[in-house]
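Reviewing the structure listed below.
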Amino acid sequence: GGEASLGAEPGLVIVNLGNARKPVSAAVVPVKGASASALQFRYLVVTDTSGVRVIDVTIPERAKLVPEARLPLLEAYGISIARTYAYVAAGREGVAIIDIENPERPRLHLQFDANGQVNDARDVIVGATNASLFEYVADGRHGLKVLQLVAPDTPPTFYGFSPEPTPPPHAQRTPRTPATPPPPGRA
């Protein structure tokens, strides 16, 4: 669509970009410390200081928090969505995989830290290659982690529209120096 979301002091700001030369604030949703967001259909899934929140953006000018749609996490930074799962960089706790099949009632599917090797997760990107699904995790201490979430040789959970993710460690690249955390309020 023609909207963007930005974390700001008053909350998450929905900006109408219909006229890119003159963006207009369409709505402000009260979330504290929004750091990232991902859109899926009519819902914007947001990470903030309390964890994960869901905003109904069916009508962007009337964007509103879905009151029951919250999942507390100690830390929540980057987020990526693939089908019915949201993948959240959860800092010291690694990666939180959240079932959002019903976005108004998100639930924690799995907390994953690769046996302590993902303990400063700051951002995640999920992408598909052929019949596999991979998650790329930026870990401030241990560098880039590549996790294979779904593979064709892992039945019976491989089948269907949204196979259940089962993330064993796949590959990693350790940085020479630790990465710095993202600035607060990044969305």
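Values in this text are rule-based calculations from the coordinates and carry no lab data. Model, not experiment: these values are computed from the prediction. As a convention, Cβ positions derive from the backbone with ideal geometry for all residues, glycine included, and neighbour counts pool all protein chains shown.
Under the simplified labelling scheme, the VAL66-GLN117 pair shows an inter-label distance of 3.5 nm, with each label point 7 Å from Cα along Cα→Cβ. Model label points for GLU9 and LEU74, set 7 angstrom from Cα along the Cα-to-Cβ axis, are 3.1 nm apart.
The slack in the chain from LEU108 to ALA128, taken as 0.36 nm per residue of separation less the alpha-carbon distance, amounts to 5.0 nm. Counting only residues at least eight positions apart within a chain, or on another chain, the aspartates and glutamates with an alpha carbon under 14 Å from that of LYS64 are ASP56, GLU104. Mean projected area of the convex hull spanned by the Cα atoms of region 1-87, taken over all viewing directions: 5.5 nm².
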